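Input: a single structure, listed below in structure tokens.
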Amino acid sequence: MQQVLGECAKDGRYIICFTGAAIIRLISVLFSNFLLLWITSFVDEGLIGENQSKGLYQKIMLASTIGTVVLLPIFGHLGDKVPSTLLVPVAFALRGLCGYSFLWLTDPQSVLAITMCVLLIIFSVIEAISVEVLFFKNVPSEIRGTMMGVFAFFGLFGALTFTLVGGQMFDRIDRSAPFIFLAIMDSFLVLLAITMTALGRFKSN
């Protein structure tokens, strides 16, 4: 563990990777729980029927899956060709913008709402690729197992934290709160990447 801390102290890329791991692992929680909750919350307001809400969720997941499969080779190519100092903050900024858009989405069946939901999922995949490419390209071979364990730990920690905090925010604040919280986390990583780049601690791989 001391070696991991030493690598983080020397190279800001690992700080970004571990922070990013905590954020990108929220994907499964976000889409399996909070997106469905967000859609079904409109049932009580009479804006959508219960069966319609389930059908809409399935359509969004199908569209995002098809979009991701089609675009996945492009994302992978970008991970190889685009500098991480650009790819990582752009990926998180794009997903963050989608998260903030939930503040203004009032009809889950609108074209805007469906588009934002689909883009949220697609940009989440870009985020994951950008962080994982950065990590696996630069992980030191001498402590690869330890570094991967820490990377996985931060991912699980992020998913658990988001499940607890997001649930409380959904119940006590607003149905869009988990998405705004996620967007704030994305914004934090963008600022972290920019700061590390400015300090010379985040360099292109």
Task: Residue identified as modelled with pLDDT of 85 or more and within 16 Å of residue 133 (Cβ to Cβ) among 18, 75 - done: 18
Task: Only listed residue being crowded, with 19+ Cβ neighbours inside 10 Å, out of contact with any Gly (no Cβ under 9 Å at 6 or more places or on another chain) and more than 18 Å from residue 91 (Cα to Cα), chosen from 155, 166 - done: 166
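Within the range 169-180, count every residue that is part of a helix (DSSP H, G or I) and either touching a residue at least 40 places away in the same chain (Cβ under 8 Å) or exposed (fewer than 13 other Cβ atoms within 10 Å of the Cβ) (or both). Don't jump to the end; show me each part of the working.
Of the range 169-180, the ones part of a helix (DSSP H, G or I) are 169-172, 177-180.
Adding the requirement that they be either touching a residue at least 40 places away in the same chain (Cβ under 8 Å) or exposed (fewer than 13 other Cβ atoms within 10 Å of the Cβ) (or both) leaves 170-172, 178-180.
So the count comes out to 6.
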Open item on the list: For the range 35-123, give me every one of the helices (runs of 4 or more DSSP H) that falls completely inside it and has 2 or more residues that are of a type in the set (D, E, K, R) and either within 26 Å of residue 137 (Cβ to Cβ) or under 17 Å from the mean Cα position of the chain (by Cα) (or both).
Closed with: 50-81
Task: Candidates 79, 96, 145, filtered to the one that is among the small types (Gly, Ala, Ser) and free of Cβ contacts under 8 Å to residues at least 24 places away in the same chain - done: 145
TODO: Read through the list (1) crowded, with 16+ Cβ neighbours inside 10 Å; (2) under 25 Å from residue 162 (Cβ atoms), then give the number of the only condition that residue 48 fails.
DONE: (2)
TODO: Among the numbered conditions (1) without any contact (Cβ under 8 Å) to a residue 12 or more places away in the chain; (2) touching a Ser or Thr at 6+ places or on another chain (Cβ under 8 Å), tell me where residue 69 comes up short.
DONE: (2)
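The values are calculated or read from the model by the stated rules, or taken from the named source; none is laboratory data. Since the structure is predicted, the reported quantities are computational estimates derived from the model, not experimental observations. Positions of Cβ are backbone-derived with ideal geometry, glycine not excepted, and every protein chain shown enters the neighbour counts.
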